Amino acid sequence: MSKGTLFDKVWDLHTVGTLPSGQTQLFIGLHLIHEVTSPQAFAMLRDRGLKVMFPERTVATVDHIIPTENQARPFVDDLAEEMMQALEQNTQTNGITFYNIGSGNQGIVHVIAPEQGLTQPGMTIACGDSHTSTHGAFGAIAFGIGTSQVRDVLASQTLALSKLKVRKVEVNGKLVPGVYAKDVILHIIRKLGVTGGVGYAYEFAGTTFEQMSMEERMTVCNMAIEGGARCGYVNPDQVTFDYLKGRDAAPKGAEWDKAVTWWQSIRSNADAEYDDVVIFDAAEIAPTITWGITPGQGIAVNESIPTPEALSENDRELAAEAYQYMDLAPGTPIQGTKIDVCFIGSCTNGRMSDLREAAKVAKGRHVAEGIKAFVVPGSERVKQEAEAEGLDKIFEAAGFEWREAGCSMCLAMNPDKLQGRQISASSSNRNFKGRQGSASGRTLLMSPAMVAAAAITGTVTDVRTLL
Amino acid sequence: MSQVKTVVGRGVPLVGNDIDTDRIIPARFLRCVTFDGLGAQVFADDRTQMQGQHPFDQPQYQGATLLVVNRNFGCGSSREHAPQAIAKWGIQALVGESFAEIFFGNCVAMGVPCVTAAPADVQVLQEWLAANPQSTATLDLEQKQVQFGESSIPISMGEGARNMFLSGTWDACGQLVAQAEQIQQTAGRLPYLSWSRAS
């Protein structure tokens, strides 16, 4: 059993008590909600005559259904409009802050909370969205929940949970140019598998993560869930504090110093005990790309699609399903695979540094003939900052479309969808069958710079050749 | 609040690993403010593609209440719409090799037990159900086994969740709210509530 880790300290501090079942009642310091998983939770509250216990600890925004082209109300999609109205009504009735379109603060929930300084070290954070693990980048214990649990948090600001084990995932060394945080997490998932993290919180440690910016750490923690780990975190350090300083919801004045002292105290102890430790070498990580139908089916860009013989027996059945669905032959190089659509955005890779890296590749070049390529900033603030830097102009000159902020084609709940058998190069987080809006659509996950490279050449390309 | 000690009924085998929540309920069906219509949409794309051959469409499995799956079922998105869709189709309990964590938690909160069994045992049960679609099986949480025909297989479930089903406290909401005083005390010792404002 783990001891002295950040996870243990934060868990203990937020423990309200032990329930008759033996589970822990855990206090949630920050609750984030959006239009998809909250309307039924508010309905359940109404049915039971319950009120929101700590309305000031919940923040709402709208992201999944947001059209990224025409945002005029009412939305063209009646169902999306109904969800929007439900959220507007529920937040207003219950006194919950709502960052609506046009507020300047709207965006993907996992982009806006960090950028406003709402996400802080030592917090417990829950949201009805599996990518809540993103917020662990700050040294918070952050995880996704379902709608009944959203109801529980609204009603009591607590959840009934069993404690997770803690695995230290250590990566040491410097990443080579063209290898990004996305490649690190795709590599980890490839090695540990999509179920490797079930029952665990992942502590990302080692010099590679220490050298990463907050945005890079968010990319890594975001995809902890794709490796099965409900939450992942990085111990807070000077990089974390420098990022937070001056942000809207960050502590100010004397409280800042008090906060930093406390944040330092919750770091995992040097002699902390872990349930498991795995170690990787950063030098071994290449630009990584998925070829199959789970995020664990990844390879380095210069590798070939694995043959069944090269896989463990456990993985062969799924590989066979993937060869067929993806229409990719075992043993053929992934490089050169023809692409139809290129998507840059999502809670994984829709932040400023992601757009800057993609823009570097796009600058002075042009999207290949017949390729649809579009960039969806993660939030209204990201959009504004990117435009102030002229990134929108670089993308547009290169033939990319520049859109409004939202989740967009990561899960295709809005009008942005693949058509038929189209294959996308995507900076998002899931390559499941049908994920991007077409029941037979195909997804290759990769870093935003790699997506830009694919857009320019029209095929899967090693971005290192374009840098 | 009802205790869940046994689930007795006919079963439907759904063979395959890593069946994610996007496949269970494609994202376009999340455009709703209630869970009411989801039963008809469960596995929509898989079912269309299999043209009537998906177990959820095959006549012999209509009315089944036990779903038997393989490894990492329910991975991906946290959408409770997925287990809600399965439950609205008629499923009351799941047996599998393993479940994704958020999916499992959602099922607990809905009163739908997800129990695990060894891969070989799951396969035996799936094959038996395919051969005996009209016979009933019994999932027994107290005895930690599934009985079918002349056989049974051992099953397991985390003790916390299992206790919630056996004692009928799987809907935690009431218990959580009842601790209002302790909740306020916990909030009072969190250093950051004074300096972080959520609104």
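The values are calculated or read from the model by the stated rules, or taken from the named source; none is laboratory data. Keep in mind that what you see is a predicted model, and the values were worked out from it rather than measured. Note that each Cβ is placed from the backbone with ideal geometry, even for glycine, and that neighbours are counted across all protein chains shown. Keep in mind that these areas ignore ligands, DNA and RNA; they rest on the heavy atoms of the full protein, side chains included. Shrake-Rupley method; radii C 1.70, N 1.55, O 1.52, S 1.80 Å.
Restricting to bridges with both residues inside chain A, how much of the DSSP beta-bridge set is antiparallel, in percent to the nearest 5?
25
For A:Lys51, list the aspartates and glutamates whose Cα falls under 13 Å from its own Cα; do not include residues on the same chain fewer than 8 positions away.
Candidates past the 8-residue exclusion: A:Asp152.
Beyond a 25 Å Cα-Cα separation, which of these cross-linked pairs lie in this structure: A:Lys338/A:Lys363; A:Lys9/A:Lys383; A:Lys393/A:Lys433; A:Lys9/A:Lys165?
In this structure, A:Lys9/A:Lys383; A:Lys393/A:Lys433 lie more than 25 Å apart at Cα.
Between A:Glu255 and A:Lys360, what is the label-to-label distance in nm when each label sits 7 Å out along the Cα-to-Cβ direction?
3.7
For the stretch B:87-199, report the translational diffusion coefficient in µm²/s to the nearest whole number, using Stokes-Einstein at 4 °C, 1.567 mPa s, and a Kirkwood Rh over Cα pairs.
Roughly 77 µm²/s, to the nearest whole number.
Can you give me the Cα centroid spacing of the stretch A:182-250 and the stretch A:346-390 in angstrom?
Answer, in whole Å: 22.
Would you mind computing the Rg to Rh ratio of chain B from its alpha-carbon coordinates, Kirkwood style for Rh?
Radius of gyration relative to Kirkwood radius: 1.04.
Would you mind telling me which residue in B:Glu159, B:Glu97, B:Glu181 has the biggest mean-square fluctuation in a Gaussian network model of chain B, where springs connect alpha carbons within a distance under 10 angstrom?
B:Glu181
Over chain B, what is the percentage of antiparallel beta bridges among all DSSP beta bridges, to the nearest 5?
Roughly 55 percent of the beta bridges in chain B run antiparallel, per DSSP.
Over all distinct Cα pairs, what is the inverse of the mean 1/r for the stretch A:165-284, reported as the Kirkwood hydrodynamic radius in Å?
After inverting the pairwise mean of 1/r, the radius is 15.2 Å.
Under 10 Å, Cα contacts only: if you run a Gaussian network model on chain B, which one of B:Ala27, B:Ala178, B:Ala44 comes out with the highest mean-square fluctuation?
Greatest mean-square fluctuation among the candidates belongs to B:Ala178.
Got a number for carbon plus sulfur as a percent of chain A's accessible area, 1.4 Å probe?
That fraction is 49 percent.
Over the whole of A:33-46, what's the average partner chain Cβ count within 10 Å per residue? Rounded to a whole number, please.
Across the residues of A:33-46, the mean count of other-chain Cβ atoms within 10 Å is 3.
Report the calculated FRET efficiency for A:Glu385 and B:Arg47 (r = Cβ-Cβ distance, R0 = 41 Å), to the nearest 0.05.
0.40
Take every Cα-Cα distance within the stretch A:288-465, group them into 10 Å bins from 0 onward, and report for each bin the whole-number percent of pairs it holds.
11, 41, 34, 12, 3, 0
Taking amide H positions as placed 1.01 Å from N in the peptide plane, with prolines and chain starts having none, which residues 5 or more places from A:Tyr99, or on another chain, fall under 5 Å of its amide H?
Residues meeting the criterion, in which the H sits 1.01 Å from N, are A:Ala60, A:Thr61.
Show me the GluC sites (Glu not before Pro) within the stretch A:1-76 that DSSP assigns to loop and that have at most 14 other Cβ atoms within 10 Å of their Cβ.
Here the sparse-neighbourhood loop sites are A:Glu69.
Per residue Cα convex hull volume for the protein assembly as shown, in cubic angstrom?
About 139 Å³ per residue, rounded to a whole number.
For chain B, which DSSP H helices look membrane-span-like by this rule: Cα extent along the axis of 15 Å or more and mean Kyte-Doolittle of at least -1.0?
Membrane-span-like by this criterion, though nothing is claimed about a membrane: B:119-131.
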